[in-house]
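Chemist: Right, I'll just put the structure down here and ask away after.
The values are calculated or read from the model by the stated rules, or taken from the named source; none is laboratory data. Because the structure is predicted, anything quoted here is derived from the model rather than measured. Counting neighbours? That spans all protein chains shown, and the Cβs are built from the backbone with ideal geometry, glycine included. Just so you know, the surface numbers come from the protein's heavy atoms only, side chains and all, with ligands and any DNA or RNA stripped out. Shrake-Rupley method; radii C 1.70, N 1.55, O 1.52, S 1.80 Å.
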Amino acid sequence: MATVSRQKSSLLGQFNETRTRTLSLVQTLEKDDFVVQTAPFMSPPKWHLGHVSWLLEVVMSKSIKDYEFYSQEFSEYLNSYYHQFGEPHDKDKRGLATRPTVDQVFEYFHMMTNKVDGILQNEKLDEKTKQLFFMAINHECQHQELLIYDLQHLLADRYRPVIKNSMHRTPEQESQAIKINGGLYKMGYSGDEFCYDIELPEHNVYLNDYKIDAYPITNKQYMKFIDDGGYDDFKYWLSDGWDKVQNEKWKAPMYWEKIDGKWMTCDFLGKRKINPSEPVCHVSYYEADAYCKWAGKRLPTEAEWEKAACWDDKNQRKTIFPWGDNPPDNTRANLLESYIWNCDEIGSYPNGKSHYGCHQMIGDVWEWTSSEFSGYIDP
Ligand SMILES: [Fe+2]
């Protein structure tokens, strides 16, 4: 994911940087690519471009009196799940709509860029409105990430990035577990930078002592689970997960294919052998949970993960990033702006490890926790 930092530049600068980056991600697509939805869980690139622009209208409607949306038809198609703005179009049918057209969506994208650019240049904005625009910028960064995982499904090795850098190559790392003391931990956000409402309020959680791996689980580790019959034995799986394994004939993570006895994948780096040193990705919650059971481990809770990622025990405080409060760079984390177009090998970012010594807690790959997604409780 790309990051935006308030210290780096003005709200206007961050806005324009984000809009430019969104356009650069689709710069090399053919017009036909913009319309197609290849799975119910992905969205056509046209929809992402329109949706992030529509959300700017939502923000403007909350800060400009009697704001009128550009088009009722656009609002219906581009609404994701905000019922206050009407009935959203079915997510799994976004690829069936030929209207608005690709050209109309681009026109709309530029129109909204110019409109917001004008507001940020000219208007004296109150703090609440600035926060709303900052939220919209972060929302667009999230959709850049979603767009990229959709492009993996749509195009994989046929996608041509505008900028492409090389991966790090790191000597193989020994997996190790880090012990973390329990006790009361204040989970959530309490700083004065931007955060989403779901990160509030900061609240006490009691943790037992626990251990957490220093690195994400690698393909090599996961292959041992497969080779040991992990997908063939119900005892590792939650009941729903085992149904999926049976009904959908799961044998390996998504995008893995066994050719001539070797596990292969096809991604932005091309058709290639599975690299044992990369973190395993494209695994469902069920697979992550089953792997842990097989390995004699368990997924961390969200609070355990957060403490391992950002608690500085020496100074008794949380930091914004695993390594401290300084913003990310290419030596600390593999984010979108690295333009590697892949997970990097484990151990590639020693400068980015957390205070407890956990590597790659941001960037590279999303990590599963065992916690359900629910609102924090106000103490
Ligand atoms: Fe969204």
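Chemist: Tally Lys and Arg at +1 and Asp and Glu at -1 over the other residues with C-beta under 14 Å from the C-beta of Leu55: what net charge comes out?
Modeler: Numbers: positive: Arg19, Lys62, Lys115; negative: Glu57, Glu140.
Overall, the nearby charge balance is +1.
Chemist: Here's another thing I want to ask about it. Each residue of region 353-370 in order: what ³J(HN,Hα) in whole Hz does its phi give by Karplus 6.51 cos²θ - 1.76 cosθ + 1.60, θ = phi - 60°, with x for Gly and Pro?
Modeler: Along region 353-370, the couplings run 6, 7, 4, 7, x, 8, 9, 6, 6, 10, x, 6, 8, 5, 10, 7, 10, 8 Hz.
Chemist: Another one. Across region 29-120, how many lysine pairs, 8 or more apart or on two chains, come within less than 28 Å at their alpha-carbon atoms?
Modeler: 12
Chemist: When the Karplus curve 6.51 cos²θ - 1.76 cosθ + 1.60 is applied with θ = phi - 60°, which whole-Hz ³J(HN,Hα) does each residue of region 278-285 get, with x for Gly and Pro?
Modeler: 7, x, 6, 9, 6, 10, 7, 4
Chemist: For region 215-272, which trypsin sites (Lys or Arg not before Pro) are in a loop by DSSP, counting at most 14 other Cβ atoms within 10 Å?
Modeler: Working: sites: Lys220, Lys224, Lys235, Lys244, Lys249, Lys251, Lys258, Lys262, Lys271, Arg272; in loops: Lys249, Lys251.
When the trypsin sites (Lys or Arg not before Pro) of region 215-272 are filtered for loop state and at most 14 Cβ neighbours within 10 Å, Lys249, Lys251 remain.
Chemist: Would you be so kind as to identify which of Ile163, Gln144, Phe41 lies farthest towards the positive end of the dipole of region 36-189, taking Lys and Arg as +1 and Asp and Glu as -1 on Cβ and the Cα centre as origin?
Modeler: Selected residue: Ile163.
Chemist: Compute the helix-to-body angle for 102-122: its Cα long axis versus the longest principal axis of the chain, expressed 0 to 90° and rounded to tens.
Modeler: 80
Chemist: Near Thr170, within a Cβ-to-Cβ distance under 15 Å, what is the net charge of the other residues, with Lys and Arg +1 and Asp and Glu -1?
Modeler: -2
Chemist: If packing is taken as the average number of other Cβ atoms within 10 Å across a peptide's residues, how do 47-57, 103-113, 191-201, 336-346 rank, most packed first?
Modeler: The peptides rank, most packed first, as 47-57, 336-346, 103-113, 191-201.
Chemist: What is the distance in Å between the Cα centres of region 10-63 and region 275-339?
Modeler: 27
Chemist: Roughly speaking, to the nearest percent, how much of the chain's 1.4 Å accessible area is carbon and sulfur? Walk me through the intermediate numbers first.
Modeler: Working: 10020 of 19900 Å².
Using a 1.4 Å probe with all protein chains present, the chain comes out at 50 percent carbon and sulfur.
Chemist: For Met264, list long-range residues whose amide hydrogen, built 1.01 Å from N in the peptide plane, is under 5 Å from its own amide hydrogen.
Modeler: Glu257, Lys258, Ile259, Ile274
Chemist: When all alpha-carbon pairs of the chain are counted, what percent fall beyond 38 Å?
Modeler: 23
Chemist: If you don't mind, there's one more thing I want to ask. Under the rule of at least 5 residues apart or a separate chain, name every residue whose amide H is placed under 5 Å from the amide H of Asn334.
Modeler: Amide H neighbours of Asn334: Asp364.
Chemist: May I pose another question? Given axes a ≥ b ≥ c from the Cα gyration tensor, I'd like to know whether region 43-196 is rounded (a/c under 1.5), prolate (a/b larger than b/c) or oblate.
Modeler: On the way: a/c = 1.97, a/b = 1.29, b/c = 1.53.
Note, shape of region 43-196 comes out oblate.
Chemist: With a cap of 13 neighbouring Cβ atoms within 10 Å, and only residues DSSP puts in a loop, list the trypsin sites (Lys or Arg not before Pro) found in region 33-115.
Modeler: Answer in residue order: Lys65.
Chemist: Let me ask another. Dipole size in debye (nearest 20) for region 1-125 around its Cα centre, Lys and Arg Cβ +1, Asp and Glu Cβ -1?
Modeler: 500
Chemist: Here's another thing I want to ask about it. How charged is the neighbourhood of Val245? Take every other residue with its Cβ under 14 Å from the Cβ of Val245, and add Lys/Arg as +1 and Asp/Glu as -1.
Modeler: So the environment of Val245 carries a net charge of -2.
Chemist: Let me ask another. Go through region 155-171 residue by residue and turn each phi into a ³J(HN,Hα) via Karplus (6.51, -1.76, 1.60, θ = phi - 60°); whole Hz please, and just put x for glycine and proline.
Modeler: 10, 6, 6, 8, 7, 10, x, 5, 10, 9, 10, 7, 6, 6, 10, 10, x
Chemist: Can I ask one more? Taking only Cα atoms, what is the 0 to 90° angle, nearest 10, from helix 127-154's long axis to the longest principal axis of the chain?
Modeler: Tilt relative to the chain: about 60 degrees.
Chemist: OK, next. So how tilted is helix 45-63 from the main axis of the chain? Cα-based, degrees 0 to 90, rounded to 10.
Modeler: 60
Chemist: Taking the Cα centre of the chain as the origin and placing charges on Cβ (Lys, Arg +1; Asp, Glu -1), which of Val205, Val245, Ile64 is farthest toward the positive end of the dipole?
Modeler: Checked the options; the winner is Val245.
Chemist: Further, regarding this structure: Ordering Tyr77, Tyr82 by accessible area with a probe of 1.4 Å, largest first, what comes out?
Modeler: So, going from the largest accessible area down, we get Tyr82, Tyr77.
Chemist: Right, another one. With n ≥ 4 as the cut-off for DSSP H runs, can you work out [θ] at 222 nm for the chain, using -39500 (n - 2.57) per run divided by the number of residues, rounded to the nearest 500?
Modeler: Calculated from helices alone, the mean residue ellipticity at 222 nm is -11000 deg cm²/dmol.
Chemist: Quick check on packing: order 364-375, 283-294 by the mean number of other C-beta atoms within 10 Å, highest mean leading.
Modeler: Result, highest mean first: 283-294, 364-375.
Chemist: Based on Cβ point charges of +1 for Lys and Arg and -1 for Asp and Glu, what charge dipole magnitude is obtained for the chain about its Cα centre, in debye rounded to the nearest 20?
Modeler: 760
Chemist: Which lysines does Lys307 reach when only Cα atoms under 22 Å apart count, and residues fewer than 8 places away in its own chain are ignored?
Modeler: Reachable lysines: Lys179, Lys186, Lys211, Lys297, Lys318, Lys353.
Chemist: Name the long-range amide H neighbours of Asn79: under 5 Å, sequence gap of 5 or more, or other chain; modelled H, no Pro or chain starts.
Modeler: His89
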